[in-house]
Amino acid sequence: ENTTAKNIISSINSINVKDGATLTMDANGLFRNGNEINGFVFEDGTQFYYTGEESVNAIFKKEINGYTGENDNYYLIANPTDNNYVGNLDYYYTHDLYTFDPEEALEWQNHHDDIIPYVERGIGYLYANSEDITLQFSGNLMPAGTTALTLVKAEEGEGIDFPGFNLIGNPFACNAYVSGYNFYTMENGEFILNEGSATIAPCEGFFVEA
């Protein structure tokens, strides 16, 4: 169920938000563990709507189903925290992590061999793993609101995937509502065109046309 937090008792060690729930918190409903505002764990499918100004430290989880070799179970992922390291991302070393650069002839770059693969907030990534795994994004969250992301208008060319599109990530811990553009999201390993508007969940990336 959805929960609104106000004046949460500081003696609680942690709050775990289950699938399908939304935790809403204003600046007067801070949960403190010691001197830090932390102790939140958000399961896949949840969101956190926070309008305060202080940093909130939390863990966001995203469940990944292993692929079977038929290009299924690929995901467009995004980091809702300021920590570029993602727990379990390269666990087993059976993963693929792609960035997309619309200005390069080889738009897709695989970071499988990176010693420490980083996932930056605001950027979308294509991810897959041959194992079932739970990604853990742990760090400070951005309060709900508006933010500006720079888009690149690349020229069309032979063999170019998604000409004119950029792969970006939802930077928030809550749903991002975007409109006025054409978008591609991903479902079951397939790219889905959304014309005019889209709702992007936390930890999800999407293509947007510049």
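The values are calculated or read from the model by the stated rules, or taken from the named source; none is laboratory data. Keep in mind that what you see is a predicted model, and the values were worked out from it rather than measured. Here the Cβ positions follow ideal geometry from the backbone for every residue, glycine too, while neighbour counts run over all protein chains shown. Side chains are part of the model used for accessible areas, which takes the heavy atoms of the whole protein and leaves out ligands, DNA and RNA. Shrake-Rupley method; radii C 1.70, N 1.55, O 1.52, S 1.80 Å.
Quick notes on this structure:
- Residue count, the range 75-92 (criterion: open to solvent by less than 40 Å² (accessible area, probe 1.4 Å) and of a type outside the set (Gly, Ala, Ser)): 7
- Only one entry of Phe137, Phe100 meets the criterion of being closer than 22 Å to Tyr50 by Cα, open to solvent by less than 60 Å² (accessible area, probe 1.4 Å) and at pLDDT 90 or above, and that entry is Phe137.
- Some residue of the range 7-17 being surrounded by 15 or more Cβ atoms within 10 Å (Cβ to Cβ) and at pLDDT 80 or above: no
- Given (1) of a type outside the set (Asp, Glu); (2) modelled with pLDDT under 85; (3) within 30 Å of Phe183 (Cβ to Cβ), index of the condition Val86 fails: (2)
- Screening Glu131 with (1) out of contact with any helix residue (DSSP H, G or I) (no Cβ under 6 Å at 6 or more places or on another chain); (2) of a type outside the set (Gly, Ala, Ser); (3) surrounded by fewer than 21 Cβ atoms within 10 Å (Cβ to Cβ); (4) over 29 Å from Thr22 (Cβ atoms) gives one miss only, at (1).
- Among strands (runs of 3 or more DSSP E) entirely within the range 77-144, having at least 2 residues that are under 13 Å from Cys203 (Cα atoms) and touching a residue at least 40 places away in the same chain (Cβ under 8 Å) singles out 125-129, 133-141.
- Every listed requirement among (1) at pLDDT 90 or above; (2) over 26 Å from Glu209 (Cβ atoms); (3) open to solvent by less than 40 Å² (accessible area, probe 1.4 Å) is met by Gly124 save one, (2).
- Residues within the range 180-198 that are under 19 Å from the mean Cα position of the chain (by Cα), among the small types (Gly, Ala, Ser) and either more than 20 Å from Leu126 (Cβ to Cβ) or open to solvent by 70 Å² or more (accessible area, probe 1.4 Å) (or both), tallied: 1
- Restricting the range 200-210 to residues that are modelled with pLDDT of 90 or more and outside any loop (DSSP other than H, G, I, E, B), the residue that is surrounded by the fewest Cβ atoms within 10 Å (Cβ to Cβ): Glu204
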